[in-house]
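Colleague: Just dropping this structure here.
The values are calculated or read from the model by the stated rules, or taken from the named source; none is laboratory data. This structure is a prediction, so every number in the text was calculated from the model and none was measured. Neighbour counts run over all protein chains shown; Cβ positions are idealised from the backbone, glycine included. Please note that ligands, DNA and RNA were not included when accessible areas were found on the heavy atoms of the full protein model with its side chains. Shrake-Rupley method; radii C 1.70, N 1.55, O 1.52, S 1.80 Å.
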Amino acid sequence: MDLKESIAELNRIVEKYDNIVFFGGAGVSTESGIPDFRSVDGLYHQQYDYPPETILSHSFYRTNPQEFFRFYRNKMLFPKAQPNAAHKKLAQLEAARKVRAVITQNIDGLHQAAGSKVVLELHGSVLRNYCERCNAFYGLDYILGSMGVPKCEKCGGAVKPDVVLYEESLNQATLNAAVSYIHNAQVLIIGGTSLAVYPAAGLIDYFQGDKLVVINKSPTPRDGSADLLISGSIGEVFAGIS
């Protein structure tokens, strides 16, 4: 089945069902200019004093906060990024009461920027930052405008991004909601993710619906069980949905 035929089949699925859940990863945002960690040009293929997995860990954040924030500001924040065709179409499908929820591993907030309302951010968001002492909230601009370790204007405590670092647990309430949406979905569309990051990737096991759709440029562990497998640009695929 070529890409045109695959998009036509996806259109038929979208037209038929009204309880669709989307589960996405970094590939959804690469077309917005945000690098995929594991792509050829991604962070994992660049050279730093420490591996990105080390820098983005809870223990490194505690012991080397200055270096953490230097890396975080330089490589994790993309304030000029804009939603692409995939983000926009998902928001439109939610407004049309087709898509019930977007479950994302991304931390960029682009789904909400496109207009999606029910977005479960498994790994948090760079748009939210909190003082570790008094819990005061700070937006992205505060982090971008600060130097070194950002400090709370109210109490002087360290301001930490609301992002799940390596060694940290995912939010249990978000996990529970994601399980519920996936378990009850008629259609699960997996897009832009290699399904290599756990526990997030394990959520797919809860799907018991009618149609599993996988859209990704590279193979995933779920390709063999997909009712519809599309290898290609997720933006191009979603732009073809009527």
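Colleague: Would you tally the residues in region 217-242 being open to solvent by less than 30 Å² (accessible area, probe 1.4 Å), part of a loop (DSSP other than H, G, I, E, B) and in contact with a helix residue (DSSP H, G or I) (Cβ under 6 Å, 6 or more places away or on another chain)?
Modeller: Final tally of qualifying residues: 2.
Colleague: Kindly indicate whether any position in region 161-170 is closer than 12 Å to G124 by Cα and among the polar types (S, T, N, Q).
Modeller: yes
Colleague: May I pose another question? Among the listed residues G27, G42, G33, identify the single one that is within 24 Å of A177 (Cβ to Cβ) and at pLDDT below 95.
Modeller: The unique qualifying residue is G27.
Colleague: Which one is nearest to L10 (Cα to Cα) among residues in region 209-219 that are over 15 Å from the mean Cα position of the chain (by Cα) and modelled with pLDDT of 95 or more?
Modeller: In this case the residue turns out to be V213.
Colleague: I've got another one for you. Looking at the structure I just gave you, is R73 out of contact with any Gly (no Cβ under 6 Å at 6 or more places or on another chain), over 25 Å from V187 (Cβ atoms), charged (D, E, K, R) and in contact (Cβ under 8 Å) with a residue 12 or more places away in the chain?
Modeller: Yes; evaluated as a whole, the condition is true for this residue.
Colleague: Let me ask something else about it. Go through region 157-210 and count every residue that is of a type in the set (D, E) and either at positive phi or without any contact (Cβ under 8 Å) to a residue 12 or more places away in the chain (or both).
Modeller: 2
Colleague: Looking only at region 183-208, filter to residues that are surrounded by 18 or more Cβ atoms within 10 Å (Cβ to Cβ) and over 18 Å from the mean Cα position of the chain (by Cα); which one of those is farthest from V99 (Cα to Cα)?
Modeller: Filtering region 183-208 for residues that are surrounded by 18 or more Cβ atoms within 10 Å (Cβ to Cβ) and over 18 Å from the mean Cα position of the chain (by Cα), the one farthest from V99 (Cα to Cα) comes out as F207.
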